[in-house]
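Notes to accompany the following structure.
The values are calculated or read from the model by the stated rules, or taken from the named source; none is laboratory data. Please read these numbers as outputs of a predicted model, since none were measured by experiment. Here the Cβ is made from the backbone with ideal geometry for all residues, glycine too, and neighbour counts use every protein chain on show.
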Amino acid sequence: MIKNEDYNLADTVQMKKPHACQKNDWEILRLGADIRLKCMGCGRVVMLPRSEFNRKVKKVLAKANDPVNAKKEFYLPKDQIARPKVVNNLDKEKGE
């Protein structure tokens with residue numbers, strides 16, 4: 001059994017029994033009286049009461065704020081976005 005303070009939002013946890021897709025890793029999507037989990041194998045989302053989750057969870061695999069196990073961001077930061085070069089038609093006509 002794991003304590004309530006050991007896991008947080010967006011952490012990856014391992015359950016005692018695998019999911020039907022044979023993957024045992026889950027991401028925590030919501031914390032409250034119920035806990036919403038997403039299977040890292042098939043993407044299935046389930047909700048468990050906190051008491052049941054505390055019984056079924058085995059360990060925390062990766063913390064969300066851990067820099068070593070940081071999850072890849074889908075969106076690029078603004079400074080890394082390649083901006084297209086815009087050519088104005090008026091400038092072309094004046095130059096010719």
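So how many residues does segment 11-36 have that are without any contact (Cβ under 8 Å) to a residue 24 or more places away in the chain and within 12 Å of the chain's Cα centre (by Cα)? Selection size over segment 11-36: 5. Looking only at residues in segment 1-37 that are exposed (fewer than 14 other Cβ atoms within 10 Å of the Cβ), of a type in the set (A, V, I, L, M) and within 11 Å of Phe53 (Cα to Cα), the one that is modelled with the lowest pLDDT is Met1. Of everything in segment 52-72 that is at pLDDT 60 or above and of a type in the set (Gly, Ala, Ser), the residue that is farthest from Ala10 (Cα to Cα) is Ala62. So for segment 73-96 (the condition being surrounded by fewer than 10 Cβ atoms within 10 Å (Cβ to Cβ), assigned to a loop (DSSP other than H, G, I, E, B), modelled with pLDDT of 85 or more and hydrophobic (A, V, I, L, M, F, W, C)), does at least one residue qualify? Scanning segment 73-96, I find no residue that is surrounded by fewer than 10 Cβ atoms within 10 Å (Cβ to Cβ), assigned to a loop (DSSP other than H, G, I, E, B), modelled with pLDDT of 85 or more and hydrophobic (A, V, I, L, M, F, W, C), so the answer is no.
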